[in-house]
Structure formats: structure tokens, C-alpha cells
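Structure first, commentary second.
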Amino acid sequence: MAPKITFDNVTKRYGDLTVLDGLNLEIEEGEVVSIIGPSGSGKTTVLRVLMTLEGIQEGVISLDGEPFTHVRKGDGFVPAKPAHIRKLRTKIGMVFQSFNLFPHMTTLQNCIEAPVQSLGLRKDEAVERARELLGMVGMAEKEDHYPSQLSGGQQQRVAIARALAMRPEILLFDEPTSALDPEMVGEVLSVIRTLAAEHSYTMLLVTHQMGFAREVSDRILFFESGKFVEQGHPDTFFSNPQHSRTKEFLAKVLEAN
Amino acid sequence: MEWDWEFTWNRVLPAMLEALPVTIQATVFSFVLAVVVGLPLMLLRKSSIRLVSVVVGEFIEFVRGTPLLVQIFFLFFVLPEFGITLPPLLTGILAIGLYNAALCSEVFRAGFDAVPKGQWEAATALNLSPRRTLTAIIIPQSLPPIVPALGNYLIVIFKETPLLSFVAVAEIMHVAKGIGVETYRFTEAITIAGILFLILSLIAAALVGIVERYVIRKVYH
């Protein structure tokens with residue numbers, strides 16, 4: 001069976017700066033993968049190009065073996081049309097560092113907007129699904145609140161419910177706890193932990209929470225200068241890193257913790 | 001020169017009030033045109049197709065860079081040379097509306113740019129269509145800065161309508177001048193015209209304030 005996600009020689013540049021440098025990556029269905037690495041290494045960009053928030057200059061990203069950012073033409077590939085991208089993009093949901101809830105909509109409205117508008121659900125179906133998910137993230141009581149009336153941790157939990165309401169198969173978490181006050185990190189991590197343990201989502205996390213990454217992931221990727229330097233099972237990765245840059249990075253962050 | 005109350009009440013005021021609907025029509029239609037054309041102008045200027053954004057950008061610069069009176073004259077005197085003859089009021093509405101559309105497009109741009117990039121990204125991540133992203137996510141959030149600025153343009157447009165007297169549209173100022181020329185008494189007519197403009201400006205400003213507070217409550221809670 002084809003991998004859930006395939007990056008085939010993906011290169012992303014901003015002007016002269018190469019952020020992703022011929023990236024190759026395969027992620028299996030149901031796999032939970034954490035990407036770690038120094039700031040500015042491009043790890044967030046991996047998620048952003050997968051979500052099609054940004055284009056890529058070279059290479060192809062495929063989902064379930066089907067080209068996503070491009071389509072086959074003759075022997076090669078051409079950039080995919082928006083309709084093709086929109087069709088496959090429903091497989092992916094994303095949770096952002098800064099939550100990005102819609103501030104003019106209540107918690108519930110945030111969670112039904114896209115299911116009604118882009119999946120074509122009936123409103124009552126969407127509401128039922130949203131309430132179920134809000135219950136799961138512990139936000140059922142706050143469905144009539146606006147984002148400005150919620151704490152950061154609560155907003156992020158709503159954002160997770162909003163992403164889940166689209167029934168994605170792949171979930172992307174872009175530093176989901178980095179913008180939170182320390183006392184709210186736990187509540188968000190526990191929701192993500194539940195998702196990783198009890199559901200079959202393919203998950204890709206960019207995080208600075210090493211302990212958490214180690215606990216929930218099936219695989220850790222260490223990313224630096226647009227490339228994966230090292231990857232491995234969390235147990236071996238953290239206890240016995242091979243590459244000198246990985247050792248250096250882990251020494252620094254573990255010391256800080 | 002003495003102020004003649006009887007002349008004011010019997011001659012000036014009735015004529016002014018008769019002209020008032022013309023001024024209001026010119027204002028309202030010009031404003032609607034400015035808004036309806038200004039929004040797509042801004043979207044076209046932001047277009048990723050370079051030719052479109054450059055052409056629209058140049059058009060906006062051209063309109064902004066020439067006096068409104070010149071544009072009114074141009075539409076009124078030059079268009080008929082090309083076989084397009086429009087009634088004076090319509091010509092005036094077109095000129096004032098397009099001129100302010102160019103200015104309003106900048107207001108829309110500022111409003112759009114004020115919406116955080118993360119909102120566009122969340123809409124993409126939720127697979128909303130470009131159209132739904134605009135109408136349900138971006139435009140509502142861009143209103144709080146846009147509404148007061150557009151309200152300001154409404155009042156500016158209102159105060160620009162006397163320029164239409166140059167092409168003989170029977171709005172307040174044109175009628176005031178007419179009375180002056182006819183009777184050699186300008187004081188009453190021009191003063192009343194000024195007072196009418198002041199009263200209407202104040203009413204318009206109050207209405208804009210109400211809409212502004214409504215939008216802010218709706219968007220920010």
C-alpha cells in the first residue's frame with residue numbers, strides 16, 4: 001500500500017533562501033511523527049507546504065500515492081489545478097501555533113462553518129458532530145463563547161475540534177503549545193495525546209516539547225537546514241542519537257528542560 | 001447689505017429644498033458606485049496576474065492624480081465627441097463615483113491587510129472556497145477599519161456634489177448661484193446652501209457613527 005504522505009524531492013525556496021532542500025519523506029497511515037530541530041530550520045515549512053499554504057518549487061507531494069500538489073502529465077508532472085488540490089485537501093486538517101480561530105464566530109460556529117460550507121453537511125448534522133467533538137476536547141460548555149472570551153488553551157482545544165470536524169485523515173500540529181502560557185500546555189497536550197492513542201489519524205507534529213514527542217510518537221525526525229539529519233524510534237533517538245548535530249541539539253534542549 | 005428674511009423664506013428656501021433631492025441622489029448613487037467599484041478594483045489590483053494588477057494600479061493612480069473637476073468636464077464634454085452623450089446628473093454620478101472608487105479601493109486594501117494572515121491560512125486549511133473565505137471570513141473582519149473610513153468618504157462625496165453645478169446639474173449649489181445671478185442677492189442663497197450642507201453632514205456623520213458601533217459590536221463582541 002502506498003504511504004499516506006510522500007514528499008518526493010521537495011524543494012522550497014524564499015528568494016535565495018532554500019528552506020526545504022530536496023526533501024524525501026514517507027509517512028505511513030496511522031503513524032504519529034514528530035519533527036524537531038532548531039528554530040528557522042524549516043520544520044514548520046514541511047507542514048505548511050503539505051497544507052498547501054505555500055507552494056513548492058521542485059518535487060511532488062502525494063497523498064495515498066496520488067500526486068497532490070501536482071498531476072501527472074506525460075512522463076512528468078505539472079502543478080495541480082485548485083480544484084484538484086481542494087478535492088484532496090479535505091484529507092488534511094491543521095492546528096496552528098496561534099490557533100487562528102475566526103474571532104467573529106462563536107466556538108460552535110467556528111466548528112460548523114467548514115463542514116457546512118465545504119463538506120456540504122446539513123446544519124443539524126454539523127452541529128451534532130461539532131458538539132460531540134467539543135465534548136471530547138472539554139469545551140462543550142463554551143459553545144456560545146467567542147474566541148476572545150476563551151483562554152489560549154481553550155482556544156487551541158476549540159481549534160483542534162474545528163480541524164477534527166472536517167473528518168481529516170491527516171492531522172498537522174504546528175507548534176500547538178508554543179503560544180500558550182505554561183499552565184495551559186498540559187490541557188492541549190492531553191487532547192493531542194488522546195488523539196494519538198485512541199484514533200487512527202496520521203499525525204505530523206512540529207514541537208519543542210521533547211518529552212511529549214517521545215511519549216506519543218512512533219518516529220522522531222530531526223530537521224536542520226532544510227533536510228532531515230536523523231530519524232528514528234523515540235526510544236533509540238533520544239537515548240542514543242547518532243549524528244553529532246542531533247547530539248548537540250538534544251544536549252541543549254534537554255539541559256534547558 | 002441687509003439680510004432679507006422674507007426673501008430667504010419665500011424664495012431661497014423653497015428652491016433649495018427642491019434641489020435637495022438632487023444633491024442627495026448624486027451623493028447616494030456616487031457613494032454606492034464608489035463602494036461597488038472600489039472593492040473589485042482592490043481585488044484586481046491584488047491579482048496575481050501581473051498585467052491585471054499593473055493596469056488597474058495605473059488606472060487608480062491616474063484617477064487619483066487628476067482633479068475631480070477635470071474628470072467631470074472630461075466625461076461631460078469629451079465623451080460626446082465619441083458619440084456617448086449622458087444626462088448631466090448621470091455624468092456627475094459616474095465621475096464622482098469612479099473618482100471615489102479609486103480612493104475607496106485603498107480603504108478596502110487597508111482593511112484587508114489588517115486581517116491577520118492566519119485567518120486566510122485557517123480558511124485554506126479548512127478547505128473553504130475562495131469565495132466563502134472572502135464573504136464569511138475576511139470581509140466581516142475587515143469591516144471595523146473600513147466602515148469609519150467609508151463613512152468619511154460618504155461625507156466627502158456629499159461635499160463634492162457642488163462641483164456638478166459646473167455641468168448644470170440642478171443641485172443645491174447650482175440653484176443657489178442661479179438665485180444669486182437672477183436677483184443680485186447672493187448672501188442669503190449661499191448662506192442657506194452652506195447651512196443645509198452643514199445640517200446634512202452632521203446627520204450623515206451621526207448615522208455613520210451608529211453603523212460603526214453596530215459593526216464593532218458585531219465583529220468584536
| note | Loop-resident GluC sites (Glu not before Pro) in the stretch B:1-40 with no more than 11 other Cβ atoms inside 10 Å, DSSP not H/G/I/E/B, are B:Glu2
| query | What dipole magnitude, in Debye to the nearest 20, does the stretch B:5-220 give about its Cα centre under +1 on Lys/Arg Cβ and -1 on Asp/Glu Cβ? | reply | 780
| query | If you take the charge dipole of the protein assembly as shown about its Cα centre, with +1 on Lys and Arg Cβ and -1 on Asp and Glu Cβ, which of A:Thr44, B:Trp120, A:Ser34 is farthest toward its positive end? | reply | B:Trp120
| field | For A:Val95, residues with placed amide H under 5 Å, excluding near neighbours | value | A:Leu172, A:Phe173, A:Asp174
| For A:Val185, B:Val70, what ranking results if the residue with the fewest other Cβ atoms within 10 Å of its Cβ goes first? | B:Val70, A:Val185
| For the stretch B:1-99, what is the charge dipole size about the Cα centre, in debye to the nearest 20, if Lys and Arg each add +1 at the Cβ and Asp and Glu each add -1 at the Cβ? | 680
| field | Cα-based radius of gyration of the protein assembly as shown once divided by 2.2 N^0.38 Å, which approximates compact folds | value | 1.32
| request: For the protein assembly as shown, give the magnitude of the charge dipole about the Cα centre (Cβ charges: +1 Lys/Arg, -1 Asp/Glu; no others), in debye to the nearest 20. | output: 560
| message | Antiparallel versus total DSSP beta bridges in the protein assembly as shown: what percent is that, nearest 5? | response | 60
| Loop-located GluC sites (Glu not before Pro) in the stretch A:10-50 whose Cβ has at most 14 other Cβ within 10 Å (DSSP) | A:Glu28
| said: Please report, in whole Å³, the volume per residue of the convex hull around the C-alpha atoms of chain A. | reply: 142
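A short reminder: the numbers here are calculations on the coordinates, not readings from a lab. Not measured: the values here are computed from a predicted model. Reconstructed Cβ throughout: ideal geometry from the backbone, glycine too, with neighbour counts over all protein chains shown.
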